Amino acid sequence: QVQLVESGGGLVQDGGSLTLSCTASGNIFSIDGMGWYRQVPGEQRELVAQVASAGIVRYGNFVKGRFTISKDSAKKTVSLQMNSLKPEDTAIYYCYADVLVLNTEGWKYYWGQGTQVTVSS
């Protein structure tokens with residue numbers, strides 16, 4: 001019913017930049033929050049950045065001003081500009097959206113398939 005497609009991951013050197021993008025499609029009536037989580041194998045998924053209700057932006061504590069999230073509600077997209085990347089930022093990055101599907105009741109979280117970000121030292 002709803003698909004999230006991510007793009008923009010890859011390999012970058014320590015101190016480099018990447019931009020991740022995610023587009024939602026399908027039987028969408030409305031989207032509330034959108035954002036990004038990341039996960040290293042064997043560890044819990046952690047919040048990177050989100051644009052929640054009423055446009056409230058929240059970042060993970062480790063971001064420290066290096067990343068910027070932006071959301072385009074009309075295009076159903078969310079982007080993450082990542083600067084000053086470090087080797088410890090290496091992870092799979094997952095996009096999510098809080099979606100109200102057409103002809104249903106209630107909101108549901110949907111996830112993308114994930115995109116690998118690797119930062120070499």
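Report which label in (i) 40, 25, 24; (ii) 49, 25, 24; (iii) 46, 26, 22 holds the value of Cα extents along the principal axes in Å derived from the coordinates of this structure.
Matching entry in (i) 40, 25, 24; (ii) 49, 25, 24; (iii) 46, 26, 22: (ii).
Give me the percent relative contact order of the chain, please, defined on Cα pairs under 8 angstrom at least 6 residues apart.
Details: 305 pairs, mean separation 44.0, N = 121.
In percent, rounded to a whole number, it is 36.
Assigning unit charges at the beta carbon (Lys, Arg +1; Asp, Glu -1) and nothing else, what dipole magnitude in debye, to the nearest 20, does the chain show about its Cα centre? Could the numbers behind the result be given before it?
Numbers: 10 positive and 10 negative charges, 37 e Å.
Result for the chain is approximately 180 debye, rounded to the nearest 20.
For F62 and K108, calculate 0.36 nm times their separation in residues minus their Cα-Cα distance, and state this gained length in nm to one decimal.
On the way: separation 46, 0.36 × 46 = 16.56 nm, distance 2.71 nm.
Roughly 13.8 nm would be gained on extension.
Which whole-number value in Å² is the accessible area per residue of segment 1-56, probe 1.4 Å? Before the final figure, lay out the partial values.
On the way: 2910 Å² over 56 residues.
Ligands and nucleic acids excluded, the figure is 52 Å² per residue.
Report ³J(HN,Hα) in whole Hz for each residue of segment 100-114, in order, from the Karplus equation J = 6.51 cos²θ - 1.76 cosθ + 1.60 where θ = phi - 60°; Gly and Pro get x.
So the J values, rounded to whole Hz, are 9, 7, 3, 6, 10, 10, x, 9, 9, 7, 10, 10, x, 7, x.
Within segment 23-121, which GluC sites (Glu not before Pro) sit in a loop by DSSP and count at most 16 neighbouring Cβ atoms inside 10 Å? Write out the running numbers ahead of the final one.
Numbers: sites: E43, E46, E88, E105; in loops: E43, E105.
Sparse-neighbourhood loop GluC sites (Glu not before Pro): E43, E105.
Report, to the nearest whole %, how much of the accessible area of the chain belongs to carbon and sulfur atoms, 1.4 Å probe, protein only.
Details: 3100 of 6510 Å².
Here carbon and sulfur together make up 48 percent of the probe-accessible area.
Considering the dipole of the chain built from charges on the beta carbon (Lys and Arg +1, Asp and Glu -1) around the Cα centre, which of G10, V119, A52 is farthest to its positive end?
The one lying farthest along the dipole's positive direction is A52.
The values are calculated or read from the model by the stated rules, or taken from the named source; none is laboratory data. What you are looking at is a predicted structure, and each value in this text was computed from that prediction instead of being measured. Every residue, glycine among them, receives a Cβ derived from its backbone with ideal geometry; neighbour counts consider all protein chains shown. The area values use the complete protein model at the heavy-atom level, side chains included, leaving out ligands, DNA and RNA. Shrake-Rupley method; radii C 1.70, N 1.55, O 1.52, S 1.80 Å.
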